[in-house]
Every structure is written in C-alpha cells, then in structure tokens.
1. Can you list residues from other chains, or at least 5 along the same chain, whose modelled amide H is less than 5 Å from the amide H of B:CYS39?
2. Mind telling me which of A:GLY63, A:GLY263, A:GLY27 comes out most flexible in a GNM of chain A, alpha-carbon contacts under 10 Å?
3. Given +1 on the Cβ of Lys and Arg, -1 on the Cβ of Asp and Glu, and no further charges, what dipole in debye does region B:128-223 carry about its Cα centre, rounded to the nearest 20?
4. Dipole size in debye (nearest 20) for the protein assembly as shown around its Cα centre, Lys and Arg Cβ +1, Asp and Glu Cβ -1?
5. On a straight-distance basis, which aspartates and glutamates could pair with A:LYS340 in a cross-link, Cα separation under 14 angstrom, same-chain partners fewer than 8 positions away excluded?
6. Can you pull the Rg over Rh of region B:193-259, Cα-only, Kirkwood?
7. If you take each beta carbon of peptide A:360-371 and count the beta carbons of other chains within 10 angstrom, what is the mean?
8. Averaged over A:21-27, how many beta carbons belonging to a partner chain fall within 10 Å of each residue's beta carbon?
Amino acid sequence: MAHQEGVPAGADDSGRVSLMNDPKARGLVFQALLIIAVIAMVYLGVSNAVANLARAGIASGFGFFSDRAGFDIGQTIIPYTNDSTYLRAFFVGLLNTMVVAVIGIFFATIIGFIVGLARLSKNYLVQKFATVYVETLRNIPLLLQLLFWYKAVLSILPSPREAARETGVEVAFSINNRGLYLPRVIAEDGSSLIFYALAVAIVAWFVIGRWAKKRQIDTGQQFPVFLTGLALVIVLPTLVFFVTGRPLSLEYASLQGFNMVGGWIIQPEFMALLLGLSLYTASFIAEIVRAGILAVSHGQTEAAFALGIRPNLTSRLVIVPQAMRVIIPPLTSQFLNLTKNSSLAVAIGYPDLVSVFGGTVLNQTGQAVEVISITMLVYLALSLMTSAFMNWFNSSVALVER
Amino acid sequence: MNKKILSAVVGAAAVAGMGATVASAATLDDVKAKGFVQCGVSTGLAGFSAPNDAGDWSGIDVDLCRGIAAAVFGDAKAVKFSPLSAKERFTALQSGEIDVLSRNTTWTMSRDTQLGLNFAGVNYYDGQGFMVRKSLGVNSALQLSGASVCVQTGTTTELNLTDYFKANGMTYNPVVFEKLEEVNAAYDANRCDVYTTDQSGLYSIRLGLSAPDEHIVLPEVISKEPLGPAVRQGDDQWFSIVKWVHFAMLNAEEMGVTSANADEMLNSTDPNVMRLLGKEGAFGEAIGVSNDWAYQVIKQVGNYGEVFERNVGATTPLAIARGVNALWTKGGLQYAPPLR
C-alpha cells in the first residue's frame, strides 16, 4: 500500500484520522470493554453461585427474614423474644454492635486525649505512666486483651450467691461474675417534666454561652458560663423533681434464686468488650493526639505568651485548635478500627452482629452466602457513615484558606 | 497501557471461566484420587471424637470414619480429621472441604432438606439434658427458672432450650459461645448455673471440669437428638457407602461377628455372614468398593457394639449404658436393614 506523504497511516482521503488510530476513541473502547468484562464477571459469579446452591439443594433467598427466630438472646436493647423474626434478631445484633462501638469510641477518645496530653507532661511520673500505658496496650493483640478482661478479671469475681449477703436483700451496687448491678431509675407519672426541665437547662446553657461570647467580643467582659450552666443543669431538674412530688424512684437488685434480679445490669461480656476496645484504641489515639500537639510549631506558643495569654488559655485557644487539624483524619481510622474490632465479641460471648446474625442465624437457616454478605455490607455501611461524619467534622475544623 | 487493560480483561475472563466450571465429580473418585477420607469431627468431645495424648483421634464418630476408610481403601488409617465448631460444620461439608461430617450432629428435617445434606443414619440416639452444680440443690429441670444457661451457638440445643423454658413458663438468661471449649470454660468459671447440651455430651464434658464430682446431670431429657453422619446431597454412591458402613457394623453385631473372630467367621457357612463378609454376592462392587469391604470394616474397626463399649461403654470413664442404643433384638433402637 502506498502512503501519501504527510498523511498518517490509516487515514482516509478526507484527511481525518480513522477511529482505529484515534487514541481517545481507542481508550473509550477499551474502557467500555473493561466495564463489560467486570459486569460479566460479577454476573457470572452470582449466577454460578445461585446455580450451584440450587443444584446442591441448599435453600437461597432472603425469605428467612420473616420467619420466627425461635432462639433467645442474652442482651437486647429493643424488645425481643424467641417469637420475634430473624429480621428483629438481626437488628438486636446490629444495635448491640452499635452500642458497644459508640460507647467504646466515647471512652477511647477521652482516655486517649488524657493519655496523649500526659505523655507531654513535664511531670516525670505522669509522663512515664502514660508511656508505659501506650507501649503496653498497643503492643498486645486485642483478642488477648479481651480474653484477659473476660477470663482473668471478670470471670474470677465471686458468684452472685457468694457476693450477696442474703436472698431478697436489696443492694445499691454489686459486682459479681454475672455482671455489674446498679440501681435503675424508674420513671413514674409526671416524671416527664423533669426531663423537660433538663432540656430547658441545657438549651439555656447554650444560649447563655452565645450571649456571653457576644458580650465579651463587644465589651471585653467575661461571664462564668460553665459554672452557671452546670448550676442550671443540676438545680432546675432537682427543683422540678421535688415540686412534682418526687416521681422518680430507684429499683435495686437483690438475690432471687440463681441470680440477682432487678436493677440495672451490665453483663460481663459487654464490660470486657468495652474495656478491651476502649483501652486498646485509646493507646493509639494517645499517640495521634501527642503527634498533633507536637505538630504545632513552638513559635505559636511563644507568640501567644508574648501577647500575654495565660498558659491554659494558650493551649485551649491556640494549640489545640491547630492540633485538631492534624488529629482528626487519623482519629477517623481509629474509630473505624474500633467499630470493626467489636466483631471480636464473638470470642467472649457478647451477642453482637457477628455472633447473633453471622453465628446463630446463619446456623439455624443455613444460608451462609446471604447472611455473610449482609453482615459484610452492614460493617461497610457503618464504616462509611462514620467516615462521612468525620469528614464533615474535619472540614469544619480544617484551615480555611483565604 | 492498553496492553495492560487487555491482559487484565483476558485474565479476568479466565478467572470467571474457571469459576463457572466448579466440578462436582463423584466423591468416591475424589477420595480414591487423594488417597484418604477427609472427615469432619468435633473439636474434642470425649467418647465421640477427641484426640488423645498422642494426637490420635478416637470416639464413636471417629470410628465411623475409620470404617469408611477401611471399606474404601482396606485401611482404617487412611483418614484425615478436620476439627469443626458447630457453626462451621455444615459449610465445611457443603463446600467440599470434608467428605463426610461425623460430628455428633442431630438429624432434623430442615438440615436434611434445606442445607443440601443427607443424613446417612443414626449412630447414637441422644437427647438434650441439663447439668448443674450439686451445691445449687436442684434436682429437676423444672426448678431452673431464672437461671443463666451456657449453650453453644448453631446447635439444635439452643432452640430446644428456648422451647422447653417457654413451654414450662420459665425464664432464663442465655450465655452463648461459638466454641465448645469456651462454653466449658464459662460454665466451669460459674458464669452460668446450667450447662445444656446432649446428655452424652454432658457426661463427656463433666469429665473435663475442674471438679467433676460437684456436678450432676438432671434426669430430664427434653428432646430427641438422633446423631449421625451426613454427606452432601446429589452423590448417591457416596451416600450409600457411608450408610452401609454403619449398617454393616450393626449387622455384624447382630450376627456376632467381631474384630476378634472376623477371620474365623470367613469360614462360616451361614449365608448371612457369608454375604456380610463378601464370600457371597458382589455387594461391594455395587457401591464401588471391593467385595470384602465389610470384612475390612469389622476386622479393623469392629462391630457397633465393640465401638460403643470401647468409646463410651461401661469400661470407659463415661460409663454410658447401651439403653436406647442397644440393638433392636435387645430392646434398643439400633436396627439395620438386612444385607442381601
């Protein structure tokens, strides 16, 4: 084939490059092919699994969700009996996971911040203690820590029969190998006013805070917001409590037969999981906090001091806000880790999602493919939600560049 | 770049193609090809399937697997054991990880029909019971209202427990673990007042507690628990082999053929014994093994009675009586179809 000079190979007479040789068109074609291949592979995988399940005589589909579960769960937040459906059992497991994750994140953050600050303390003892804490806890596998709390600490406590003095005697507080027993608040008629009072006090605290800030900006005068707010939150509901004729009462636990009955029970499985998760994750958060604070240049402190700002105000108004920008992104990963690590609950018998749904429900229905996919999707969704929230929070503290 | 994409596409297509051709060859051929039977057992339940000090597995369920190996290979040692938790067992069988599940597993309708399994018989008739500390002063399961109960997840036990307490209007607090060892440890640490599982299991577990004498098994039996081996659905030949190994062991006991006298029984003129030991007919060929399959099973493993006595009988620490597991001729439930 003879080529005309100046015209690329494959070009037609009109001078335009043919689609075969157009890099953009070729790129699009290959991308389209790749997408088709990926879709085909997923389709093939799913239809293959469905066909194989059908051939092996294994039931499939999601119809089991509306069947009666027929088993009991030791710890439930929403009402659940053995007559409830598998769907409800799923929610019980999900909520148990979320509760331990949320409370775990709360404690891990607080402990982590305290230990992280302690590691920077000038007090030798405090600083060394924090270092030992971090280096010990973050270097021992979490599963071992959970087993330690569950088997070595909580399960060697006395049994309720040994712990309680006598059958029927009410105790305000008891810790034994069946759990931690605390008084439970029983709300009677008219008690809702107390909660409204509490809400009013909290709103008032917030409003006073806004007002005080505005006044300080305008006039430079300060107002003791924290003390006023605290007083409001304590005094207002207490006042309403007495005015409405004391509609709240406490229920205490007492030994009845095998176990302590009544009161507010925190089971040892939950305690062990919460202790393990929050102490372990706190050791990582402590390091993140320390790194965040060290990342703020010392010049900032010196500049604040030069302006005459007191040391504690310097850290609150100058150091910490800047440190937060460094702290938040890695903190998100720790929150995600804690949520996912809560699935280790299965080792110590806490009825979380993996234990209730991925364990009992999987076995009673035998539908492994469906149950495991749902469990994985749930963890994925939880993580994405946490991550979305933290990204939003991060953007609110991030440096706004002008 | 385009070359890379192309090779990725080709590679993905190859993987997908492989996935589409998951083979379901006959289990017997697979077993013969690899040279051993892969048998799913418990993680350690004395008398049923448990490893001894030397790491050798023994127990009723283990002996059934050895019997299958003896029938297929003429060598009772051609078995490998996979210890499985209650939760893992069915998936392991469904996925082909094991060839036979012989793990004190209760035969129920849903398992038989919805899990893609076939139960090949009942090698131990059991029932669910309760174990408590003697110090609680409890002598009937009806006094257990309000108790904390330790139970293993993924078992029929978990459901029977619920049904029993519900039927009797009693409350309880379930403490559920995935692994047998965890349930044992929790009960031993007094996390629960009650341990519930199959009665045979309770006797076996009691031996492993820190103070076995301080615990009693309550008299109530709250359920039917026919325990037996299971295989995958859709492979009738393998199903028949497992089923008839069990029946051969029962028939041998009925005819008085034991591992000790199997060789002299070869000279027997009783047509029943001749058929059993492969002297007459071609029963082995029909299921794809040699004709002396039952002889090998009995010679190397023993008949059902021997297996029972050796593993859980009066001379063992478990000391379980034959009871309903006696042959039908002796008032029990163990009954095998005739070998003819």
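Please treat every number below as a calculation from the coordinates, not as lab data. None of the values given here were measured: they were computed from a predicted structure. Here the Cβ positions follow ideal geometry from the backbone for every residue, glycine too, while neighbour counts run over all protein chains shown.
1. B:LYS80, B:PHE81, B:SER82, B:ASP99
2. Judging by the Gaussian network model, the answer is A:GLY27.
3. Values: 6 positive and 11 negative charges, 37 e Å.
Result for region B:128-223 is approximately 180 debye, rounded to the nearest 20.
4. Rounded to the nearest 20 debye, it is 2880 debye.
5. Cα-Cα hits under 14 Å: A:ASP352.
6. 1.14
7. Average per residue, whole number: 5.
8. Taking the mean over all residues of the peptide, I get 1.
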